[in-house]
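Visitor: Got a structure here, written out as structure tokens. Questions coming.
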Amino acid sequence: MTPVQIESVRATPGVSGFYTDDQLAIKRGAREDGFAYAGEPLTDGFESVRQAGESLLVDLELSDGTVVRGDCAAVQYSGAGGRDPLFRAAEYAPLIEGAVADALVGRDPNDFGENAAVLEGLRQDGSRLHTAVRYGVSQALLAAAARTRGTTMTDVLANVLGTEPATEPVPVFGQSGDDRRRNAEKMLLKGVPVLPHGLFNSPSKLGPEGENLIAYLEWLRERSSELGPEGYEPRFHIDVYGTIGELFGAPFDSDAILEYVADLEAAADPIPLQIEGPMDVGTREDQIHAMAELRDGLLSAGVEVDIVADEWCNTLADVQAFVDAGAADLVQVKSPDLGGVHRSGEAVRYCEGTDTRAYLGGTCNETDVSARACAHVALATDAAQVLAKPGMGFDEGYMIVENEMRRTLARRGHAPTASSEPEEVTADD
């Protein structure tokens, strides 16, 4: 019997679950114009401050006629914080159907580790392929290995990474977008473990003295007790996109910053609080120093707020550098920025045995296919939390990620048990 091989690779431009935004222009004051932004873009590649998100749909056909999929997608704030430039699907389709297909056609789909390594090793004009390309093609390679082995993508990844998969769903982190109150209420009604992101991505949203964020946390705390299910113990996670640093400036262990973060802690109390991206100082080295300075200051002041690394923490090497320096309580493993999905798994694994937890993130600008692949990375590595994605409406992304984990766990023999005995069902005479 002829072994199954990779027969062909097809790439079709598609849409993503959100939009790409010029973060620099927004921070510099681009004015909201309905759902769009008025003003000139400042980041290379952008034609407007907000643009429709794009994806590249990868179909990998095997010699037995099976077709598996992966979706190339890039983060909402492409080109910011050391990330790869804006992703244009039509630009990269010929590359995938050309050089990438040439490298993969004829290979054994069972060997995910080797196939993923081949993909990571490809070069275009002397540089590694765009992270979005490696991200999407690796998803298809992972799906191909699972299909030919007759197992789950979780099991394939666990085998490659040498991990013991989770036996319960990884806590999901919901993101609200700008509709931060209505969407937070949705999360509370569904008992989402980590919420709500908040999208405080400009000084005006934070408030001249940071008062808007304090008021929001006070409101969120009250609504959690009013709307959350019985026994609900959430964790608040707010992304501030460097605006705290812009408001107060360095040093980041100053009395003013420590007092402000203590005020945030009090506003959320008794619910634990995580603050993502408190500052953005322009380089990885400076960001690590600033984050470590803040973290040490909070520890000395007895402020129990966790800080989360995002900007300048993009690649596997970046994650390792932040963890080694003790610069964060959590690092966001921003899956599209690491390239192949297995690289995200390696980044999560690197946090094992340290005092830094791994948050398997990504972006609202992904697709349902990439989100499902990431759910398997989360299960395979038992990450601390995983992002609900794609989109900013919350419900859809939460459904996709949570259900993928639940059905995978059920297939692996870890289905959740019923909370009570089912009623006896009888037939009418």
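The values are calculated or read from the model by the stated rules, or taken from the named source; none is laboratory data. Everything quoted here is computed from the prediction, not taken from an experiment. No Cβ is skipped: glycine too gets one built from the backbone with ideal geometry, and neighbour counts run over all protein chains shown. Heads up: the accessible areas ignore ligands, DNA and RNA and are worked out on the full protein's heavy atoms, side chains in. Shrake-Rupley method; radii C 1.70, N 1.55, O 1.52, S 1.80 Å.
Visitor: Among (1) acidic (Asp, Glu); (2) closer than 27 Å to residue 71 by Cβ; (3) touching a strand residue (DSSP E or B) at 6+ places or on another chain (Cβ under 9 Å), where does residue 337 come up short?
Guide: With (1) acidic (Asp, Glu); (2) closer than 27 Å to residue 71 by Cβ; (3) touching a strand residue (DSSP E or B) at 6+ places or on another chain (Cβ under 9 Å) applied to residue 337, the lone miss is (3).
Visitor: In segment 1-13, how many are open to solvent by less than 20 Å² (accessible area, probe 1.4 Å) and either under 20 Å from residue 75 (Cα atoms) or in contact with a His (Cβ under 9 Å, 6 or more places away or on another chain) (or both)?
Guide: Looking only at segment 1-13, we keep the residues that are open to solvent by less than 20 Å² (accessible area, probe 1.4 Å), and these are 6, 9, 11.
With the extra rule that they be either under 20 Å from residue 75 (Cα atoms) or in contact with a His (Cβ under 9 Å, 6 or more places away or on another chain) (or both), the set shrinks to 11.
Here the count works out to 1.
Visitor: Okay, moving on. Could you run through segment 285-316 and say how many residues are touching a helix residue (DSSP H, G or I) at 6+ places or on another chain (Cβ under 9 Å) and open to solvent by 40 Å² or more (accessible area, probe 1.4 Å)?
Guide: 7
Visitor: Okay, next question. Residues of segment 207-222 being open to solvent by 40 Å² or more (accessible area, probe 1.4 Å), assigned to a helix (DSSP H, G or I) and either under 26 Å from residue 76 (Cβ atoms) or free of Cβ contacts under 8 Å to residues at least 40 places away in the same chain (or both), which ones? Steps first, please.
Guide: Within segment 207-222, the subset open to solvent by 40 Å² or more (accessible area, probe 1.4 Å) is 208-209, 211-212, 215, 218-219, 221-222.
From what is left, the residues that are assigned to a helix (DSSP H, G or I) are 211-212, 215, 218-219, 221-222.
Correct list: 211, 212, 215, 219, 222.
Visitor: Within segment 42-73, which residues are open to solvent by less than 30 Å² (accessible area, probe 1.4 Å), more than 29 Å from residue 102 (Cβ to Cβ) and not hydroxyl-bearing (Ser, Thr, Tyr)?
Guide: Answer for segment 42-73, where residues must be open to solvent by less than 30 Å² (accessible area, probe 1.4 Å), more than 29 Å from residue 102 (Cβ to Cβ) and not hydroxyl-bearing (Ser, Thr, Tyr): 46, 49, 51.
Visitor: While we're looking at this one, here's another question. List the residue pairs whose Cβ atoms are under 6 Å apart, where the first residue sits in segment 105-124 and is of a type in the set (A, V, I, L, M), the second is surrounded by 16 or more Cβ atoms within 10 Å (Cβ to Cβ) and part of a loop (DSSP other than H, G, I, E, B), and the two are 6 or more positions apart or on different chains.
Guide: If the second residue must be surrounded by 16 or more Cβ atoms within 10 Å (Cβ to Cβ) and part of a loop (DSSP other than H, G, I, E, B), the pairs left are 116/340; 122/129.
Visitor: Quick test for you: out of 353, 345, 362, pick the one residue that is at positive phi and either assigned to a helix (DSSP H, G or I) or open to solvent by less than 10 Å² (accessible area, probe 1.4 Å) (or both).
Guide: On the way: 353 fails: either assigned to a helix (DSSP H, G or I) or open to solvent by less than 10 Å² (accessible area, probe 1.4 Å) (or both); 345 fails: at positive phi.
Only one candidate qualifies: 362.
Visitor: Would you mind stating whether residue 86 is under 25 Å from the mean Cα position of the chain (by Cα), in contact (Cβ under 8 Å) with a residue 60 or more places away in the chain and over 30 Å from residue 28 (Cα atoms)? Reasoning before the result, please.
Guide: Numbers: under 25 Å from the mean Cα position of the chain (by Cα): yes; in contact (Cβ under 8 Å) with a residue 60 or more places away in the chain: yes; over 30 Å from residue 28 (Cα atoms): no.
No, not satisfied.
Visitor: Here's something else I'd like to know. Might you check whether a residue that is buried (at least 17 other Cβ atoms within 10 Å of the Cβ), under 17 Å from residue 79 (Cα atoms), modelled with pLDDT under 95 and basic (Lys, Arg) occurs anywhere in segment 19-35?
Guide: Within segment 19-35 (the criterion being buried (at least 17 other Cβ atoms within 10 Å of the Cβ), under 17 Å from residue 79 (Cα atoms), modelled with pLDDT under 95 and basic (Lys, Arg)), the answer is yes, since at least one residue qualifies.
Visitor: Considering 225, 204, which residue is at pLDDT below 95, out of contact with any Gly (no Cβ under 7 Å at 6 or more places or on another chain) and either in a loop (DSSP other than H, G, I, E, B) or open to solvent by 20 Å² or more (accessible area, probe 1.4 Å) (or both)?
Guide: Working: 225 fails: at pLDDT below 95.
Exactly one residue qualifies, and that residue is 204.
Visitor: Could I ask something else about it? Go through segment 297-310 and give me each residue that's in a helix (DSSP H, G or I) and either at positive phi or under 26 Å from the mean Cα position of the chain (by Cα) (or both). Before you say what the answer is, go through the steps one by one.
Guide: Restricting attention to segment 297-310, the residues satisfying the condition of being in a helix (DSSP H, G or I) are 297-301.
Correct list: 298 only.
Visitor: Select, from 317, 328, the only residue that is without any contact (Cβ under 8 Å) to a residue 24 or more places away in the chain and among the hydrophobic types (A, V, I, L, M, F, W, C). Before you say what the answer is, go through the steps one by one.
Guide: Numbers: 328 fails: without any contact (Cβ under 8 Å) to a residue 24 or more places away in the chain.
One residue alone meets the criteria, 317.
Visitor: Considering only residues that are assigned to a helix (DSSP H, G or I) and open to solvent by less than 30 Å² (accessible area, probe 1.4 Å), look in segment 236-261 and name the one that is farthest from residue 28 (Cα to Cα). Walk me through how you get there before you give the answer.
Guide: Start the filter on segment 236-261 by keeping residues that are assigned to a helix (DSSP H, G or I), which leaves 243-248, 255-261.
If we keep only those that are open to solvent by less than 30 Å² (accessible area, probe 1.4 Å) as well, we get 243-245, 257-258, 260-261.
Values: 243: 11, 244: 15, 245: 14, 257: 22, 258: 25, 260: 23, 261: 24 Å.
It comes out as 258.
Visitor: Right, next: Go over the candidates 319, 323 one by one and state the one that is closer than 24 Å to residue 116 by Cα, out of contact with any Leu (no Cβ under 7 Å at 6 or more places or on another chain) and either assigned to a helix (DSSP H, G or I) or of a type in the set (A, V, I, L, M) (or both).
Guide: Result of the check over 319, 323: 319.
Visitor: Now for a different question. Take the residues in segment 262-274 that are hydrophobic (A, V, I, L, M, F, W, C) and more than 16 Å from residue 302 (Cβ to Cβ), then tell me which one is most open to solvent (accessible area, probe 1.4 Å). Don't jump to the end; show me each part of the working.
Guide: Keep residues of segment 262-274 that are hydrophobic (A, V, I, L, M, F, W, C), which gives 262, 264, 266-268, 271, 273.
Retained after the next criterion (residues that are more than 16 Å from residue 302 (Cβ to Cβ)): 267, 271.
On the way: 267: 3, 271: 24 Å².
For segment 262-274, the residue satisfying everything is 271.
Visitor: For residue 233, work out the one condition from (1) part of a helix (DSSP H, G or I); (2) farther than 28 Å from residue 21 by Cα it doesn't fulfil.
Guide: Result: residue 233 passes all but (1).
Visitor: Which residues, counting only those in segment 152-165, are open to solvent by 40 Å² or more (accessible area, probe 1.4 Å) and not small (Gly, Ala, Ser)? Can you show your working first?
Guide: First, the residues of segment 152-165 that are open to solvent by 40 Å² or more (accessible area, probe 1.4 Å): 155, 159-160, 162, 164.
Residues satisfying the conditions are 155, 159, 160, 164.
Visitor: What number of residues within segment 118-169 satisfy the criterion of being in contact with a Gly (Cβ under 8 Å, 6 or more places away or on another chain) and either at positive phi or acidic (Asp, Glu) (or both)?
Guide: Selection size over segment 118-169: 1.
Visitor: Can you name every one of the strands (runs of 3 or more DSSP E) wholly within segment 1-75 that holds 1 or more residues which are at negative phi and either within 20 Å of the chain's Cα centre (by Cα) or touching a residue at least 24 places away in the same chain (Cβ under 8 Å) (or both)?
Guide: Details: elements: 6-21, 31-33, 36-38, 50-62, 67-72.
Output list reads 6-21, 50-62, 67-72.
Visitor: Would you be able to say whether some residue in segment 184-198 is modelled with pLDDT under 95 and in a loop (DSSP other than H, G, I, E, B)? Please lay out each step first, then the result.
Guide: Of the residues in segment 184-198, the ones modelled with pLDDT under 95 are none.
Taking every residue of segment 184-198 in turn, none turns out to be modelled with pLDDT under 95 and in a loop (DSSP other than H, G, I, E, B).
Visitor: Which condition number in (1) open to solvent by 10 Å² or more (accessible area, probe 1.4 Å); (2) in contact with a Phe, Trp or Tyr (Cβ under 8 Å, 6 or more places away or on another chain); (3) closer than 22 Å to residue 376 by Cβ is the one that residue 168 fails?
Guide: Here residue 168 meets the rest and fails (2).
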